């Protein structure tokens, strides 16, 4: 009997050690588009090809709405959401990774909610996390830091910002620094914040950039750790330790909603699209002198009612950067210049960039079927993009040449970015239609499903599990 008990204890001890090791080695998806910002699975585990409501579904948890994507670290999943319709509550939510059960909710107070797009949310920015903390960002309230049990450690007030589309770029943790970029119509900035105290380490002025929604990525540029941001007309690399601009590449769109990615080849892959930036559909804005006669009250500025029509009238709140209801000649000419210079483009940048790097470090440019919000995905020497309307293309990562173009049945807008793993690419359109595609130059459709709910969040893929957020719920899928 004693020998049996001893053997049993040894087996139980081995099992506990195994479980602890498994937990310690579990993959993380610590920020928007994964811990490296690439949208690729954090491990080599097998993934189900067929997923959808009731298909390889491990659990489903109903949640209040929000557009943020899940961050997953340890045994927790973190999301943000908005509860209520009249008096809205801004929430950070912690869920159990194994079961999907909500463990805690934390409220972010605010004095005033900023404007958002008609299909937007006040929970657009995705949280980030590491083994110690989770950090949430609400433009209308600021930055919040919690431990994994939901205890608030500190907060940093910010916003509301001058931007009627709201805040959308997400924070990320790099060591003991929180990196946050906010490009709005005025007072844009990039900053590093101490994760322990919430104190600002450095802050870099980006006031030349109006509203953009790129979430930065950390790039090893020939041994230098740099923060890369794609935004109005140019891509910029900043030194991680000082926030100083290190290099720039010019020649992208007048505003950028996609986030950069990095290939296993060490190169950057970036996309930027805005209306009027395609060569065959240019929007040209007349000089201020030719429309000044519309200034009926002779105030020296143009009001919305005075413009009446045209590309500037259609985007009046963007051109009116200080939101005083009037467009000055300087504001008008600045906005006109964006249309004149903006070029919708997918580009690749090689390491070694310094200073003006447009002519030295751009590997290739591709000007067709450029995505709007869905960021590019690099997989094994291929770059996948999906354009609104459901047009997917596969590019050769070395040359930028198109290898395959495919029109998907899911033909709505795309706000969720593609993610990949186990030889598959998962893409979802706005109304919740999923397409699973082979991660090859043939880009074959392997599976489709319809969630019959809007989808704005980018899925997370960790340890053979796919975590997919719809307008009403968070799903977990895996091979049963």
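What follows is calculated from the coordinates using simple rules that are stated; it is not laboratory data. The shown structure was predicted, so the numbers you read here are calculated from the model rather than taken from an experiment. All Cβ positions, even for glycine, are placed from backbone atoms using ideal geometry, and neighbour counts span all protein chains on display.
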Taking a virtual spin label 7 Å from the Cα of residue 282 along the C-beta vector, which residues in region 359-376 bring their backbone nitrogen under 17 Å of it?
367-368
Residues of region 76-119 with backbone nitrogen within less than 14 Å of a virtual label 7 Å along the Cα-to-Cβ line of residue 45, please, listed as ranges.
76-77, 97-100
Please give the contour-minus-distance gain from residue 265 to residue 409: 0.36 nm per residue of separation, less the Cα-Cα distance, rounded to one decimal in nm.
48.6 nm
For every helix of n ≥ 4 consecutive DSSP H residues, a contribution of -39,500 (n - 2.57) applies; sum these over the chain, divide by its total residues, and give [θ] at 222 nm rounded to the nearest 500 deg cm²/dmol.
-3000 deg cm²/dmol
Inter-probe distance in nm under a simple model that places probes 7 Å from Cα toward Cβ, at residue 473 and residue 55
1.5
Where the centre of each part is set by its Cα atoms, how far does region 36-103 sit from region 362-390, in angstrom?
26
Gain in length, residue 86 to residue 365, computed as 0.36 nm per residue apart minus the alpha-carbon separation, to one decimal in nm?
95.8 nm
Inter-probe distance in nm under a simple model that places probes 7 Å from Cα toward Cβ, at residue 98 and residue 222
5.0
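At R0 = 51 Å, how high is the FRET efficiency between residue 293 and residue 431 if r is their beta carbon distance? Nearest 0.05 is fine.
Details: r = 45 Å, r/R0 = 0.87.
Given R0 = 51 Å and the Cβ-Cβ separation, E is 0.70.
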Could you work out how far helix 2-24 tilts from the main Cα principal axis of the chain, as a 0 to 90 degree angle to the nearest 10?
10
Given the Cα-Cα distance of residue 396 and residue 176 and 0.36 nm per residue of separation, how much length would full extension add, in nm?
75.5 nm
Quick check: pseudo-label points 7 Å beyond the Cα along Cα→Cβ at residue 151 and residue 111, how many nm apart are they?
3.0
For residue 314 and residue 250, what does the FRET efficiency come to when R0 = 25 Å and r is the distance between their Cβ atoms, rounded to the nearest 0.05?
0.45
How big is the chain along each principal axis, measuring the range of its Cα positions in Å and listing the largest first?
100, 51, 46
Quick one: what Rg and Dmax do you get for region 205-272 from the alpha carbons, in Å?
11.3, 33
Given 192-200, 269-277, the highest-first ranking by average Cβ count within 10 Å works out to 269-277, 192-200
Using a Förster distance of 35 angstrom, determine the FRET efficiency expected from the C-beta separation of residue 118 and residue 422, and round it to 0.05.
0.45
How high is the relative contact order of the chain, in percent, counting Cα pairs under 8 Å that sit 6 or more residues apart?
15
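Can you bin region 128-229 into rounded, prolate or oblate? Criterion: square roots of the alpha carbon gyration tensor eigenvalues sorted a ≥ b ≥ c, rounded for a/c under 1.5, prolate for a/b above b/c, oblate for the rest.
Working: a/c = 1.95, a/b = 1.13, b/c = 1.72.
Cα axes put region 128-229 in the oblate bin.
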Could you compute Rg(Cα) / (2.2 N^0.38 Å) for region 281-340, with N its residue count?
1.00
For residue 304, put the label point 7 Å out on the Cα→Cβ axis and report which residues of region 96-113 keep their amide N under 19 Å from it.
113
